[in-house]
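**Q** After the structure tokens below, expect a handful of questions from me.
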Amino acid sequence: MNKFEKNFLFKYLNNYSPVGHESSGQKIWLLYLKSYVDDFFTDVYGNAVGVINPNSDYKVVIEAHSDEISWMISYITKEGYMYVIKNGGSDYDIAPSMRVNIHTKKGMVSGVFGWPAIHTRDEQKKINPSISTVILDCGCNSNKEVEKLGIHVGCIVTFKDESFEMNKDFLVGRALDNKIGGFIIAQVATKIKINKINLPYSLYIVNSVQEEVGLKGAMIISNRIKPNLAIITDATHDTQSPLYNKIKEGDIKCGMGPVLSFAPSVQNNVLKMLAEVARNNNIPFQRLAASPRTGTDADAFAYSNSGVASGLISLPLKYMHTTVEMVHKNDIKNIIEVIYQFLINLKVNHNFSYFK
């Protein structure tokens, strides 16, 4: 990774792109991608797409999602305290004592999720973090003071945190799920451009929105592009920590290669080709059983239009939906290479049907 790519990576990761408010991150992503594509477009909800070799009838998508989980203010008390609801798969258990940014039209306002000291809590009436107990405090004494700061019901709240490198092999931070995927597909486009590959089909590099609330952006953009094939990249659980259940979640480890998922929405011939590409290029990979659904944008693409042949290649990730998500650099590099090799070997009009 050169200095330019690394600067893009950390600028993109550290930008706040909460569900429904992804546009600032999409602008960073598109600004980088524009140098490596022939065309690009966006839509009204914020999906961003770069296109290589437009106008071909055979359309291929590589996709990641750009949104990150967050909170939304739902109630402000007369005393100036605030309550929040989830905006995506946010976890009340990790909220107490965390520092946050409250997003307002006037700019960011600092706040904290307060929590009573352990020796003031009645152990017989244990308080569990929940929608009714996690309190947001921005240092105001009344709801009027809160409003003067530009805060109102519906404002978005994100944890204050930035990404960093750890022990040379790992990246750590919030929102690696799945902004690291946006970096991955951008690097695939970069390799195609630098290596002067002339693709015989149209390639759409898609950074979608609102995955964390039901794969919404993928549904929108798939119906617009109407691709013949979609390769989705997302994050999946590293299950090596003692608190994970490998019987339930699978035996997946960071640094051991990309993860290929087996699920009804994953088209078997696409899956077979991804595995063959990995083997032919000596890239290790792991397998995950994900029936009945992957929970990723692969499900949205697969069942859109009249059905889209879809594959899923996932990045092992520790501690999903926390501020200390961890991914291994080798896995990032290997996913980029698998997708790249898949694309440069794909023939135009390749038929993935089971009935040939």
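**Q** Cβ contacts < 9 Å: first residue on the phi > 0 side of the Ramachandran plot, restricted to the range 338-356; second residue crowded, with 16+ Cβ neighbours inside 10 Å and at pLDDT 95 or above, any location; separation 6+ or different chain. Result?
**A** That search, which allows pairs on different chains as well, returns Asn349/Tyr58; Asn349/Tyr201; Asn349/Asn228.
**Q** Inspect all residues belonging to the range 63-72 and state whether any of them is surrounded by fewer than 14 Cβ atoms within 10 Å (Cβ to Cβ) and more than 30 Å from Tyr201 (Cα to Cα).
**A** No.
**Q** Within the range 118-135, which residues are within 25 Å of Ser70 (Cα to Cα) and assigned to a loop (DSSP other than H, G, I, E, B)?
**A** Ile127, Asn128, Pro129, Ser130, Ile131, Ser132, Thr133, Val134
**Q** Among the residues of the range 29-57, which ones are touching a strand residue (DSSP E or B) at 6+ places or on another chain (Cβ under 7 Å), of a type outside the set (A, V, I, L, M), in a loop (DSSP other than H, G, I, E, B) and modelled with pLDDT of 95 or more?
**A** Scanning the range 29-57 gives Asp38, Asn47, Asn53, Pro54, Ser56.
Yes/no per residue for (1) farther than 25 Å from Ser24 by Cα; (2) of a type in the set (Asp, Glu); (3) touching a Leu at 6+ places or on another chain (Cβ under 8 Å):
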position	(1), (2), (3)
Arg99	no, no, no
His103	no, no, no
Ala117	yes, no, no
Asn128	yes, no, no
Ser163	no, no, yes
Lys168	yes, no, no
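**Q** In addition: Scan (1) outside the structural domain of Ser241 (by TED's automatic domain parsing); (2) of a type outside the set (A, V, I, L, M, F, W, C); (3) buried (at least 23 other Cβ atoms within 10 Å of the Cβ) for the single condition Tyr354 breaks and write down its number.
**A** Unmet for Tyr354, out of (1) outside the structural domain of Ser241 (by TED's automatic domain parsing); (2) of a type outside the set (A, V, I, L, M, F, W, C); (3) buried (at least 23 other Cβ atoms within 10 Å of the Cβ): (3).
**Q** Now a separate question. Any residue in the range 286-299 that is closer than 18 Å to Lys246 by Cβ sitting within a Cβ distance under 6 Å of a residue that is in a loop (DSSP other than H, G, I, E, B) and not small (Gly, Ala, Ser)? List the pairs, counting only those 6 or more apart or interchain.
**A** Qualifying pairs under 6 Å: Gln286/Ile252; Gln286/Met256.
**Q** Quick test for you: out of Ser261, Ser291, Ser265, pick the one residue that is within 22 Å of the chain's Cα centre (by Cα), in the same structural domain as Gly214 (by TED's automatic domain parsing) and modelled with pLDDT under 95.
**A** Matching residue, one of Ser261, Ser291, Ser265: Ser291.
The values are calculated or read from the model by the stated rules, or taken from the named source; none is laboratory data. Computed from a prediction, not measured in an experiment: that's the story for all the values here. Cβ sites come from the backbone with ideal geometry, for glycine too, and all protein chains shown count toward neighbours.
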